[in-house]
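**Q** So that we are looking at the same thing, I have put the structure below in structure tokens.
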Amino acid sequence: MINNYKTDFFVELKLRECGFSLYAVRRSLLRAVTELKAEISGRVLDLACGVMPYKEYLQENKNITHYIGVDLPPTEYHNAVKPDFFWNGKDLPFEDESFDYVIATEFFEHYHDTKSVLIEIKRVLKKGGKLFFTVPSLWPIHEAPYDAHRFTYYGLETNFQEVGFSSYIIKSLGGHCVSLAIMLGLWHENSLKRIYQQIIYPFVWVFYKYLISRDDLNSEFKNGTFHSGLFGFVVK
């Protein structure tokens, strides 16, 4: 059951299963994770791992020697998938320079002190090791009250610089069209009665498909650009 969930909602995405809003988000995330898949290797730490949705997908590249998930003490996620380690939300239970990669997908928005967790991530990374991250810029409040941030390029850049990472690349998960597709999905799913959702579904479907096909990714971060979320690679 859990493998079907991870496949349908994270890797082999199905619109009917995900719904309009989540499908647009997960489609963007999968593209970012696929970029990670091409280069990931060695010892990998999946931080705040949940059900470790991308573990099997990433391991297909055969270069990962160990894949370790760590999360806070038991939550509803762990009824089906238990992490390899629990942590106290502050100190990771690993020695210095233990990992080649740390993965933090859709996590930093939930951590109140971004700088302190980045310091801890840097500690457990080997020299030259990388942090891969994704964060939403456009998404409703979720997992309340543990929803602390929405990030811009410049907010992330400041944190990476202050913590002392050697380099970083920050990219867009989606531009104006994908952002509008997400908002269209959220409106359709949450603001309409069921009967109206069914009536206008074909029209929403056509416009939605057009929007996600026009994924206007823009690598520039300047006045007027808009991003549904961000991802990137940060080097110790």
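The values are calculated or read from the model by the stated rules, or taken from the named source; none is laboratory data. Remember, it's a predicted structure, so these values are computed and weren't measured experimentally. Note that we place each Cβ from the backbone using ideal geometry, even for glycine, and neighbour counts take in every protein chain shown. Note: accessible area is taken over every heavy atom of the protein model, side chains too, but ligands, DNA and RNA are not part of it. Shrake-Rupley method; radii C 1.70, N 1.55, O 1.52, S 1.80 Å.
**Q** Suppose we filter Tyr168, Tyr154 for residues that are aromatic (Phe, Trp, Tyr), in contact with a helix residue (DSSP H, G or I) (Cβ under 9 Å, 6 or more places away or on another chain) and surrounded by fewer than 19 Cβ atoms within 10 Å (Cβ to Cβ); which single one remains?
**A** Step by step, each of Tyr168, Tyr154 is checked, and only Tyr168 is aromatic (Phe, Trp, Tyr), in contact with a helix residue (DSSP H, G or I) (Cβ under 9 Å, 6 or more places away or on another chain) and surrounded by fewer than 19 Cβ atoms within 10 Å (Cβ to Cβ).
**Q** Which of (1) under 24 Å from Tyr146 (Cα atoms); (2) modelled with pLDDT of 95 or more; (3) open to solvent by 30 Å² or more (accessible area, probe 1.4 Å) is the odd one out, the single condition Ala104 does not satisfy?
**A** (3)
Here's the yes/no breakdown for (1) at pLDDT 95 or above; (2) among the small types (Gly, Ala, Ser); (3) open to solvent by less than 30 Å² (accessible area, probe 1.4 Å); (4) under 29 Å from Gln197 (Cα atoms):
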| site | (1), (2), (3), (4) |
| --- | --- |
| Glu12 | no, no, no, yes |
| Cys18 | no, no, yes, yes |
| Arg27 | no, no, no, yes |
| Val33 | yes, no, yes, no |
| Leu36 | yes, no, yes, no |
| Arg43 | yes, no, no, no |
| Val51 | no, no, yes, no |
| Thr65 | yes, no, no, no |
| Ile68 | yes, no, yes, no |
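**Q** Working carefully through the options Lys82, Lys90, find the one that is touching a Ser or Thr at 6+ places or on another chain (Cβ under 8 Å), in a loop (DSSP other than H, G, I, E, B) and open to solvent by 30 Å² or more (accessible area, probe 1.4 Å).
**A** Being touching a Ser or Thr at 6+ places or on another chain (Cβ under 8 Å), in a loop (DSSP other than H, G, I, E, B) and open to solvent by 30 Å² or more (accessible area, probe 1.4 Å) holds for just one of Lys82, Lys90, which is Lys90.
**Q** Would you check which residues across the range 190-222 are open to solvent by less than 50 Å² (accessible area, probe 1.4 Å), in contact (Cβ under 8 Å) with a residue 12 or more places away in the chain and either in contact with a Pro (Cβ under 8 Å, 6 or more places away or on another chain) or not hydroxyl-bearing (Ser, Thr, Tyr) (or both) and list them?
**A** Residues satisfying the conditions are Ile200, Val204, Leu211, Ile212, Asp215, Phe221.
**Q** Something else: Quick check on the range 172-189. Is at least one of its residues under 19 Å from the mean Cα position of the chain (by Cα), within 30 Å of Ser116 (Cβ to Cβ), open to solvent by 90 Å² or more (accessible area, probe 1.4 Å) and not hydroxyl-bearing (Ser, Thr, Tyr)?
**A** Checked the range 172-189: no residue is under 19 Å from the mean Cα position of the chain (by Cα), within 30 Å of Ser116 (Cβ to Cβ), open to solvent by 90 Å² or more (accessible area, probe 1.4 Å) and not hydroxyl-bearing (Ser, Thr, Tyr).
**Q** Considering only residues that are more than 14 Å from the chain's Cα centre (by Cα) and over 21 Å from Leu36 (Cα atoms), which ones fall in the range 124-141?
**A** Pro140, Ile141
**Q** If you don't mind, there's one more thing I want to ask. Output the number of residues of the range 29-51 satisfying the condition of being touching a Lys or Arg at 6+ places or on another chain (Cβ under 8 Å) and free of Cβ contacts under 8 Å to residues at least 12 places away in the same chain.
**A** Of the residues in that region, 0 qualify.
**Q** Would you pick out the residues in the range 18-73 that are aliphatic (A, V, I, L, M), outside any strand (DSSP E or B) and more than 24 Å from Gly185 (Cα to Cα)?
**A** The answer is Leu36, Ala38, Ile40, Ala48, Val51, Met52, Leu58, Leu72.
**Q** Counting residues that are touching an Asp or Glu at 6+ places or on another chain (Cβ under 8 Å), which helices (runs of 4 or more DSSP H) fully inside the range 100-198 reach at least 1?
**A** Because the criterion is at least 1 residues that are touching an Asp or Glu at 6+ places or on another chain (Cβ under 8 Å), the helices (runs of 4 or more DSSP H) in the range 100-198 that meet it are 114-124, 176-190.
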